[in-house]
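First the structure, in the form of structure tokens, and then the observations on it.
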């Protein structure tokens, strides 16, 4: 695991691996609000210092539009930490610099954006103006592992909950950056052809890239179970 934080991929799913609870069948054991409450409980029990999502998921959360600063931007690179003393963090993976924010926190957690090298100074100045922290990669594609190591060193982030979407989850697993898979499995199905899964990695998938080993399996109530697996790279 080197010097980076522990990364736990936490997701709620159906037995067929669906990413979209709004499309699930009904169950006599419970409803989506019951399972969402269980998810939040497990989220808290993991005692993470931060949670992390991709650009698409974060855009659905923040819903902010662009508001670039006036004048000539004065942007710091490769990183800017607006609140180094914060106790919890919301991390967004945004290689192309498309996300915008209206404040420096979400759900009480200070926002940090991980960006590719092509991001403009004007976008960085916008983030800094909103009090948002950021890290800029040396390349167009972000080196998540190296950035996580820096976040642990500079901000004390020791455990991160990775919460999707599917491509982000799959990419980080393929890169050997996920230590545990934590699943809330609800008693429902989607079963639509071509539906999004909670984990996805291109055409080749994750065969020969990761190995799962069961840690625990616990009933949660309302027909849901909590499955925990260690995630390892095959030797």
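The values are calculated or read from the model by the stated rules, or taken from the named source; none is laboratory data. Owing to the predicted nature of the structure, the values given are computational and were not obtained by experimental measurement. Using ideal geometry, Cβ is built from the backbone for each residue, glycine included, and neighbour counts are taken over all protein chains shown.
Some observations on this one:
- Restricting 65, 97, 71, 85 to those that are within 16 Å of residue 157 (Cα to Cα), assigned by TED's automatic domain parsing to the domain that holds residue 146, part of a loop (DSSP other than H, G, I, E, B) and free of Cβ contacts under 8 Å to residues at least 40 places away in the same chain reduces the list to 85.
- Enumeration of residues in the stretch 35-62 that are part of a loop (DSSP other than H, G, I, E, B) and either touching a strand residue (DSSP E or B) at 6+ places or on another chain (Cβ under 6 Å) or buried (at least 16 other Cβ atoms within 10 Å of the Cβ) (or both): 46, 48, 49
- Qualifying positions in the stretch 200-235 - over 20 Å from residue 159 (Cβ atoms) and touching a residue at least 40 places away in the same chain (Cβ under 8 Å): 220, 221, 222, 223, 224, 225
To keep it simple, each residue is scored yes or no on (1) closer than 22 Å to residue 43 by Cα; (2) crowded, with 23+ Cβ neighbours inside 10 Å.
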residue: 82; (1), (2): no, no
residue: 109; (1), (2): yes, no
residue: 118; (1), (2): no, no
residue: 123; (1), (2): no, yes
residue: 139; (1), (2): no, no
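- Conditions (1) under 26 Å from residue 234 (Cα atoms); (2) part of a helix (DSSP H, G or I); (3) in contact (Cβ under 8 Å) with a residue 60 or more places away in the chain; number of the one not met by residue 154: (1)
- Test: residue in the stretch 184-197 that is out of contact with any helix residue (DSSP H, G or I) (no Cβ under 9 Å at 6 or more places or on another chain), closer than 25 Å to residue 79 by Cβ, assigned to a loop (DSSP other than H, G, I, E, B) and not assigned by TED's automatic domain parsing to the domain that holds residue 75: no
- Selected residue [in the same structural domain as residue 33 (by TED's automatic domain parsing), closer than 28 Å to residue 25 by Cα and modelled with pLDDT of 95 or more] from 231, 225, 168: 225
- Residue check, residue 155 surrounded by 19 or more Cβ atoms within 10 Å (Cβ to Cβ) and at pLDDT 95 or above: yes
- For the stretch 198-227, a residue qualifies if it is farther than 21 Å from residue 46 by Cβ and part of a loop (DSSP other than H, G, I, E, B), and the qualifying residues are 200, 201, 202, 203, 204, 205, 206, 207, 208, 209, 223.
- Against the numbered list (1) within 16 Å of residue 68 (Cα to Cα); (2) touching a helix residue (DSSP H, G or I) at 6+ places or on another chain (Cβ under 8 Å), residue 119 comes up short only at (2).
- For the stretch 157-181, residues that are part of a loop (DSSP other than H, G, I, E, B) and on the phi < 0 side of the Ramachandran plot total 8.
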